[in-house]
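Novice: Structure incoming, see below.
The values are calculated or read from the model by the stated rules, or taken from the named source; none is laboratory data. The shown structure was predicted, so the numbers you read here are calculated from the model rather than taken from an experiment. Here the Cβ is made from the backbone with ideal geometry for all residues, glycine too, and neighbour counts use every protein chain on show.
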Ligand SMILES: [Cu+2]
């Protein structure tokens, strides 16, 4: 490598001297009264080679660009499974089409003209200062097109980031190193208070539910799957427990940072159930995936959760089958204030509470997920 650099450096010095001496010759010739330069023929052939080289470069660039587009299209996002996803995809490809056409047109003319109008002794260049009509056209057309694109994007964006509909299914998703945890409000439809000071993996309360708030008694959580109903607005309340994370559901075109101490949100309507996707792709193993798209530590790559899009009836059935955090971790009863104990006891299963805790309780699963990483 060092020899190549040395050779290039020597070549650079030699060529620099060559350029200086040629320039001096031209200057001296001009001072002596101009006329035909002795090396005019050589300059013409060099001009021809440069012009042809530019044309060849552009042809190779067209082939290369087209090839890379087709080759890497396998890594494009999969077809959208959400209502707003289809809309953003439409605008993405619409902008892409305009940009692509402009890119090929402008560059084709650029390289073609540099070939056609290469230097020639047989013609003289015209002195052309400016053309108002042309300037107005090439300023107005791009300005109108760009404004149209930005405005249409802005309208869709304000819809996506606006308030979720009243009847939206609200689900809380919390990121931590290195797993996602989701919480549902349970049968009362109200989330209990949560406080980071109460987060305690050991006692089965990694989300810090505050059991002084009776709304938390029926809240249930999951650390392996997020279930949502098909065709109904879903509002994700997004939180982080330790560092920055980011909720990314590629099929749903959902992407939002999870920031410690600053809840964020994203609402969307999934319109293809997991089963429909399995049938459409002819793949019984298919599952929607939630990934973390903010590098959050050494096991960031493994921070994924499965998303199940259920038919609405199936979803309600699944919800009814879930057990509250309190039921799965009856020891948390000590955190309930005396005056609320009677209400909380309804959620404690009487027979053999220890055996009632299934393996996928949030605390156990998260602890396992964190330990293996
Ligand atoms: Cu991450």
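Novice: Would you confirm whether or not region 135-150 contains a residue that is out of contact with any helix residue (DSSP H, G or I) (no Cβ under 7 Å at 6 or more places or on another chain), within 16 Å of the ligand (Cβ to nearest atom) and either free of Cβ contacts under 8 Å to residues at least 12 places away in the same chain or in a strand (DSSP E or B) (or both)?
Specialist: Checked region 135-150: no residue is out of contact with any helix residue (DSSP H, G or I) (no Cβ under 7 Å at 6 or more places or on another chain), within 16 Å of the ligand (Cβ to nearest atom) and either free of Cβ contacts under 8 Å to residues at least 12 places away in the same chain or in a strand (DSSP E or B) (or both).
Novice: Only one of (1) surrounded by fewer than 17 Cβ atoms within 10 Å (Cβ to Cβ); (2) more than 13 Å from the ligand (Cβ to nearest atom); (3) under 16 Å from residue 307 (Cβ atoms) is not met by residue 263, so which one is it?
Specialist: Looking at each condition in turn, residue 263 falls short on (3).
Novice: Among the listed residues 239, 272, 323, 230, which satisfies the condition of being in the same structural domain as residue 215 (by TED's automatic domain parsing), within 16 Å of the ligand (Cβ to nearest atom), at negative phi and touching a strand residue (DSSP E or B) at 6+ places or on another chain (Cβ under 8 Å)?
Specialist: 239
Novice: One residue is enough: does region 35-42 have a residue meeting the conditions surrounded by 13 or more Cβ atoms within 10 Å (Cβ to Cβ) and assigned to a loop (DSSP other than H, G, I, E, B)?
Specialist: Within region 35-42 (the criterion being surrounded by 13 or more Cβ atoms within 10 Å (Cβ to Cβ) and assigned to a loop (DSSP other than H, G, I, E, B)), the answer is yes, since at least one residue qualifies.
Novice: Working only within region 301-320, note down all residues that are in a strand (DSSP E or B) and either away from the ligand (no atom under 16 Å from the Cβ) or touching a helix residue (DSSP H, G or I) at 6+ places or on another chain (Cβ under 7 Å) (or both).
Specialist: 306, 307, 308, 309, 310 - these are the residues of region 301-320 that are in a strand (DSSP E or B) and either away from the ligand (no atom under 16 Å from the Cβ) or touching a helix residue (DSSP H, G or I) at 6+ places or on another chain (Cβ under 7 Å) (or both).
Novice: Could you count how many residues in region 275-300 are in contact with a strand residue (DSSP E or B) (Cβ under 7 Å, 6 or more places away or on another chain), outside any strand (DSSP E or B) and within 16 Å of the ligand (Cβ to nearest atom)?
Specialist: The qualifying residues number 4.
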